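Down below is the structure, laid out as structure tokens.
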Amino acid sequence: MMRRIISVLLENEAGALSRVAGLFSARGYNIESLTVAPTDDPSLSRMTIVTSGTDAVIEQITKQLNKLVDVVKLRDLTEGKHLGRELMLVKVSASSADQKDDIKRLVDIFRGRYIDVTESTFTLELTGSTEKVDAFLEALSQAEMIEVVRSGMLGIGRGKNALKL
Amino acid sequence: MNLTGADIVVRCLKDEGIEYIFGYPGGAALHIYDAMYRQDDVKHILVRHEQGATHAADGYARATGKPGVVLVTSGPGVTNTVTGIATAFMDSIPMVVITAQVPSHLIGDDAFQEVDTVGITRPCVKHNFLIKDVNKIAETMKKAFYIAATGRPGPVVVDIPKDITAQSAEYHYPAKIDMRSYQPKIKGHNKQIARGVDLLLQAKKPIIYTGGGAILSSAEDALVQLVDSVEYPSTSTLMGLGAIPASNPNFLGMLGMHGTYEANMAMYDCDVMLAVGARFDDRVTGELSKFSPNAKIIQIDIDPSSIGKNVPVEVPIVGDCNEVLLQLNAQLQPRLGEIGRGSIDQWWDVVNQWKSLDSLAYNASDTVIKPQFVVQKLLEITNGDAYVTSDVGQHQMWAAQYYTFEKSRRWINSGGLGTMGFGLPAALGVQLAYPDDLVACITGDASIQMCLQELSTCLQYNLPVKVLNLNNQYMGMVRQWQEFFYDRRYSHSYMDALPDFVKLAESYGHIGIRVDKPGDVEGALKEACGMKNRLVFLDILTDHTENVYPMIAAGKGHSEMHLKPSDGDVQERELA
Ligand SMILES: Cc1ncc(C[n+]2csc(CCOP(=O)(O)OP(=O)(O)O)c2C)c(N)n1
């Protein structure tokens with residue numbers, strides 16, 4: 001079982017997302033996260049799917065995805081050098097001065113950003129690998145967490161490697 | 001030329017060369033039905049249930065190789081087609097299903113007769129479309145036919161809201177379509193084929209295993225050329241019957257759960273297997289861990305996801321079966337001398353030993369009608385030249401085992417989904433395509449009642465199908481499993497309160513004949529086949545207790561077949 005990041009270029013058509021989601025649920029494949037948005041070419045969407053499975057399962061996943069009529073091209077990024085990034089927004093309660101200091105220290109260490117501040121709450125933004133985002137959450141766990149929003153992973157190949165038409 | 005959306009839909013069908021559509025009207029479809037009324041190029045066949053429309057279109061497609069077309073209204077019209085769409089999907093049958101939808105502005109409002117057609121059908125179509133713009137109808141219809149009929153074929157649904165069919169647009173039907181996201185691979189990779197050829201030539205115990213893909217790609221000639229030139233034992237799935245003529249000396253009959261002993265044993269024992277358009281379905285492989293333990297497998301399939309899905313494959317070859325076999329034959333012919341004839345002859349000796357067991361032998365009777373005997377008689381009377389459709393159950397297996405097909409596209413049955421109710425409407429579609437040929441529907445007393453209403457359609461369009469109802473007063477296949485695996489607890493498999501099928505046929509305006517003695521079978525079949533212009537319903541009362549043999553039980557491998565009980569275990573039986 002290995003974690004895989006599959007990038008998919010698909011026609012930006014109504015229903016394309018549900019075809020992919022339906023495929024995963026119908027065949028019992030795992031989805032850890034799935035993100036999708038239009039690309040610079042508005043007729044195309046790009047999807048990043050994080051999944052896991054044996055080699056045979058992953059082979060089936062890529063074949064089945066390719067078989068969807070809306071899918072134009074795909075790549076298993078984990079087969080080469082790649083980068084994966086997640087965006088996380090966290091709202092924490094911070095009323096005492098001590099709490100505020102603790103949080104500030106963590107935000108500095110993890111290079112997070114404040115995107116909203118009230119008397120009793122901070123809303124923080126953090127981007128990074130899944131591991132980094134997880135570590136930040138863990139470190140924050142002392143603070144009083146109000147809300148956590150994660151984007152799921154976006155992936156891209158390193159170097160000249162590109163998934164393009 | 002400016003046309004309404006409804007007229008465009010119908011013009012597309014005409015320009016696509018569609019002869020028949022199978023349909024049933026309703027509110028959302030009325031503009032399209034009005035457009036149908038204004039023309040007579042495309043003939044509409046009014047079925048009695050939308051499931052019947054899909055099976056009829058499917059039967060037409062299987063027999064002709066051309067896509068079947070269905071037209072239904074929104075809501076219940078659509079939900080009634082789902083079984084038929086899924087049936088076509090599982091067997092990769094080209095079909096275009098036009099579904100009317102509630103007007104665009106009502107979509108999402110839980111409007112009268114609204115269902116999410118695209119959502120409901122998504123898991124059982126090759127692709128589907130919801131048309132939102134009248135200017136897109138022609139292009140979408142072209143795409144639908146292109147997708148349905150190319151690559152690995154399958155059903156495509158085109159959902160059209162009622163208001164779109166009322167608006168007008170300039171009509172232009174594209175001659176050709178190119179889709180960047182859909183480009184099926186046709187030619188095989190020559191290097192891969194060369195590896196396959198090497199394996200085939202080195203084989204000591206080879207087998208050729210073919211499936212429905214060989215027929216879908218019209219690979220029959222190339223396949224027979226291959227089989228005849230290598231003279232290797234060959235077998236076929238339920239879906240592939242007829243691609244290699246049953247009388248071909250290299251053909252071992254069907255394999256799988258109810259396949260012949262020799263076919264399954266040869267699969268088990270082979271060292272090299274060439275799979276042509278076959279997908280290693282569980283009814284074919286039996287228990288996977290016991291499947292062909294020593295085989296190196298070469299698999300040809302147009303769908304990459306079929307290759308290596310259930311069984312690891314040594315040489316995958318993606319491409320159209322016919323194209324790939326032509327390439328393969330070209331590489332193979334000059335090297336035929338490399339075949340180790342000595343070991344192949346030894347292999348044939350072993351295979352012929354298995355064959356001598358005569359695993360399809362059954363106990364004849366002159367008091368009760370044996371269903372196998374009926375199928376054999378039909379074969380005799382029709383010179384093996386009939387189109388045979390079937391439903392699902394024991395009768396289906398007997399039809400496949402005893403009606404030995406010499407040609408492809410003659411055996412029309414629901415293999416993948418196993419849909420009871422398929423046989424009669426499918427026969428109707430086949431008969432329309434081939435009005436002068438004999439079309440027989442071999443069915444059972446339970447299955448026939450699932451789409452019985454199509455008897456009415458057959459009368460309206462004068463379709464003289466011959467229905468052979470192998471009436472054992474049971475859901476025989478269910479009863480058989482209960483006998484074997486549930487200690488004879490026959491839970492709800494007895495068909496109580498059966499109708500009088502003869503009167504039933506008569507009330508639909510057809511001829512009904514009851515046959516209850518073995519001696520009358522031949523005469524009744526001849527009489528029925530002689531009535532060229534009438535649908536004849538033969539209610540044939542068969543042995544209630546007959547079982548389908550041989551059989552591989554669930555969880556067993558090819559080498560663990562059950563034979564007919566009177567003959568004991570395989571081990572105890574004499575190999576002649
Ligand atoms: C629509 C549907 N429902 C249920 C089944 C399960 N099933 C498979 S065979 C069978 C019995 C068929 O009985 P009959 O048509 O009388 O044929 P026989 O087996 O007796 O030849 C049933 C219920 C099915 N295949 N399709």
**Asked** Which condition does B:Glu406 not pass, out of (1) closer than 16 Å to B:Tyr60 by Cβ; (2) assigned to a loop (DSSP other than H, G, I, E, B), if it passes all the others?
**Response** (1)
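Working only within segment B:263-302, note down all residues that are within 14 Å of chain A (Cβ to nearest Cβ) and open to solvent by 10 Å² or more (accessible area, probe 1.4 Å).
First, the residues of segment B:263-302 that are within 14 Å of chain A (Cβ to nearest Cβ): B:279-280, B:288, B:299, B:301-302.
B:Arg279, B:Leu288, B:Asp301, B:Ile302, listed by residue number.
Answer yes if at least one residue in segment B:386-397 is more than 16 Å from the ligand (Cβ to nearest atom), hydrophobic (A, V, I, L, M, F, W, C) and over 25 Å from B:Met475 (Cβ atoms), and no otherwise.
yes
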**Request:** Within segment B:123-134, identify whether any single residue is away from chain A (no Cβ under 13 Å) and either at pLDDT 95 or above or buried (at least 24 other Cβ atoms within 10 Å of the Cβ) (or both), and answer yes or no.
**Result:** yes
**Asked** Are there any pairs with C-beta distances below 8 angstrom linking a residue in segment B:453-477 that is aromatic (Phe, Trp, Tyr) to a residue that is within 11 Å of the ligand (Cβ to nearest atom) and not in a loop (DSSP other than H, G, I, E, B), with the two at least 6 apart or on different chains, and if so which?
**Response** B:Tyr474/B:Tyr494
**Prompt:** Filter segment B:456-498 for residues that are near the ligand (Cβ under 8 Å from one of its atoms) and aliphatic (A, V, I, L, M); which is surrounded by the most Cβ atoms within 10 Å (Cβ to Cβ)?
**Reply:** B:Leu470
**Request:** Could you tell me which residue of segment B:99-119 is farthest from B:Ala28 (Cα to Cα), considering only residues that are buried (at least 16 other Cβ atoms within 10 Å of the Cβ) and within 28 Å of the chain's Cα centre (by Cα)?
**Result:** B:Val118
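On the basis of being within 16 Å of the ligand (Cβ to nearest atom), surrounded by fewer than 24 Cβ atoms within 10 Å (Cβ to Cβ) and modelled with pLDDT of 95 or more, does B:Leu452 make the cut? Please lay out each step first, then the result.
Numbers: within 16 Å of the ligand (Cβ to nearest atom): yes; surrounded by fewer than 24 Cβ atoms within 10 Å (Cβ to Cβ): yes; modelled with pLDDT of 95 or more: yes.
Judged against the criteria, B:Leu452 is a match.
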**Prompt:** Being crowded, with 17+ Cβ neighbours inside 10 Å, in contact (Cβ under 8 Å) with a residue 60 or more places away in the chain and either within 14 Å of chain B (Cβ to nearest Cβ) or acidic (Asp, Glu) (or both), is that true of even one residue in segment A:30-40?
**Reply:** no
**Asked** Do the conditions hold for B:Gly444, that is, is it within 12 Å of the ligand (Cβ to nearest atom) and at positive phi?
**Response** no
**Prompt:** Within the set of pairs 6+ apart or on separate chains, which have a first residue in segment B:386-414 that is under 19 Å from B:Gly429 (Cβ atoms), a second that is more than 11 Å from the ligand (Cβ to nearest atom) and among the acidic types (Asp, Glu), and C-beta atoms under 7 Å apart?
**Reply:** B:Tyr387/B:Asp437; B:Ser408/B:Glu220; B:Ser414/B:Asp91
**Message:** Can you say whether A:Glu125 is in contact (Cβ under 8 Å) with a residue 24 or more places away in the chain, assigned to a strand (DSSP E or B) and open to solvent by 90 Å² or more (accessible area, probe 1.4 Å), as far as the supplied structure shows?
**Reply:** no
**Prompt:** Do we find that B:Gln51 is in contact (Cβ under 8 Å) with a residue 60 or more places away in the chain, surrounded by 24 or more Cβ atoms within 10 Å (Cβ to Cβ) and in contact with a Ser or Thr (Cβ under 6 Å, 6 or more places away or on another chain) in this structure?
**Reply:** yes
**Request:** For segment B:406-453, name all the residues that are closer than 14 Å to B:Gly68 by Cβ and in contact with a Pro (Cβ under 9 Å, 6 or more places away or on another chain).
**Result:** B:Gln431
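Per-residue answers, yes or no, for (1) among the polar types (S, T, N, Q); (2) under 17 Å from the mean Cα position of the chain (by Cα); (3) open to solvent by 80 Å² or more (accessible area, probe 1.4 Å):
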residue	(1), (2), (3)
A:Thr78	yes, yes, no
A:Asp102	no, no, no
A:Asp116	no, no, no
A:Phe136	no, yes, no
A:Leu154	no, yes, yes
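Pull up segment B:135-148, narrow it to residues that are within 12 Å of chain A (Cβ to nearest Cβ) and crowded, with 24+ Cβ neighbours inside 10 Å, then point me to the one that is nearest to the chain's Cα centre (by Cα). Break it down stepwise before answering.
Pass one, segment B:135-148, residues within 12 Å of chain A (Cβ to nearest Cβ): B:136, B:140, B:143-144, B:146-148.
Within this subset, residues satisfying the condition of being crowded, with 24+ Cβ neighbours inside 10 Å are B:144, B:147-148.
Values: B:Ala144: 21, B:Ile147: 19, B:Ala148: 16 Å.
Among those residues, the one meeting the criterion is B:Ala148.
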**Message:** Take B:Ser359 and tell me if it is among the hydroxyl-bearing types (Ser, Thr, Tyr) and closer than 23 Å to B:Arg283 by Cβ.
**Reply:** yes
**Message:** If B:Ala427 satisfies all but one of (1) within 23 Å of B:His44 (Cα to Cα); (2) open to solvent by 10 Å² or more (accessible area, probe 1.4 Å); (3) within 16 Å of the ligand (Cβ to nearest atom), what's the number of the condition it fails?
**Reply:** (2)
**Asked** Hey, B:Gly421 hits all of (1) open to solvent by 10 Å² or more (accessible area, probe 1.4 Å); (2) near the ligand (Cβ under 9 Å from one of its atoms); (3) not in a helix (DSSP H, G or I) but one; which does it fall short on?
**Response** (1)
**Prompt:** So which pairs qualify, if the first residue must be in segment B:158-180 and more than 14 Å from chain A (Cβ to nearest Cβ) and acidic (Asp, Glu), the second must be open to solvent by less than 70 Å² (accessible area, probe 1.4 Å) and not in a loop (DSSP other than H, G, I, E, B), the Cβ gap must be under 6 Å, and the two must be at least 6 apart or on different chains?
**Reply:** B:Asp163/B:Ser104
**Request:** Kindly provide the set of residues from segment B:99-122 that are within 14 Å of chain A (Cβ to nearest Cβ) and of a type in the set (Asp, Glu), ordered by number.
**Result:** B:Asp116
**Request:** Report the residue count in segment B:399-418 for those that are within 11 Å of the ligand (Cβ to nearest atom) and open to solvent by less than 10 Å² (accessible area, probe 1.4 Å).
**Result:** 2
**Search result, residues across segment B:153-185 that are assigned to a loop (DSSP other than H, G, I, E, B), within 30 Å of B:Thr83 (Cα to Cα), open to solvent by 40 Å² or more (accessible area, probe 1.4 Å) and in contact with a helix residue (DSSP H, G or I) (Cβ under 9 Å, 6 or more places away or on another chain)** = B:Lys185
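For the structure I just gave you, tell me whether B:Pro435 is over 14 Å from the mean Cα position of the chain (by Cα) and either within 11 Å of the ligand (Cβ to nearest atom) or modelled with pLDDT under 95 (or both). Explain how you work it out, then say what you get.
Values: over 14 Å from the mean Cα position of the chain (by Cα): yes; either within 11 Å of the ligand (Cβ to nearest atom) or modelled with pLDDT under 95 (or both): no.
Answer is no for this residue.
Whether any residue in segment A:42-59 is within 14 Å of chain B (Cβ to nearest Cβ), exposed (fewer than 15 other Cβ atoms within 10 Å of the Cβ) and closer than 25 Å to B:Lys143 by Cα is what I want to check. I'd like the intermediate steps shown before the answer.
Keep residues of segment A:42-59 that are within 14 Å of chain B (Cβ to nearest Cβ), which gives A:43-47, A:53-59.
When the remaining residues are screened for being exposed (fewer than 15 other Cβ atoms within 10 Å of the Cβ), the result is A:43, A:54-56.
Within this subset, residues satisfying the condition of being closer than 25 Å to B:Lys143 by Cα are A:43.
Yes, segment A:42-59 has at least one match.
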**Message:** Tell me the residue from A:Lys104, A:Lys63, A:Lys73 that is within 14 Å of chain B (Cβ to nearest Cβ) and part of a helix (DSSP H, G or I), please.
**Reply:** A:Lys63
**Request:** Could you grab me the full set of residues in segment B:501-523 that are within 16 Å of the ligand (Cβ to nearest atom) and open to solvent by 20 Å² or more (accessible area, probe 1.4 Å)?
**Result:** B:Leu504
**Asked** Under 6 Å by Cβ, and 6 or more places apart or on different chains, what pairs join a residue from segment B:524-537 that is open to solvent by less than 50 Å² (accessible area, probe 1.4 Å) with one that is among the β-branched types (Val, Ile, Thr)?
**Response** B:Ala524/B:Ile513; B:Ala524/B:Val515; B:Leu525/B:Ile381; B:Ala528/B:Val536; B:Cys529/B:Ile381; B:Leu535/B:Val465; B:Val536/B:Ile511; B:Phe537/B:Val467
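The values are calculated or read from the model by the stated rules, or taken from the named source; none is laboratory data. Remember, predicted model here, so these are calculated numbers, not experimental data. We place every Cβ from the backbone using ideal geometry, glycine too, and count neighbours over all the protein chains shown. The accessibility values were calculated without ligands, DNA or RNA, using every heavy atom of the protein model including side chains. Shrake-Rupley method; radii C 1.70, N 1.55, O 1.52, S 1.80 Å.
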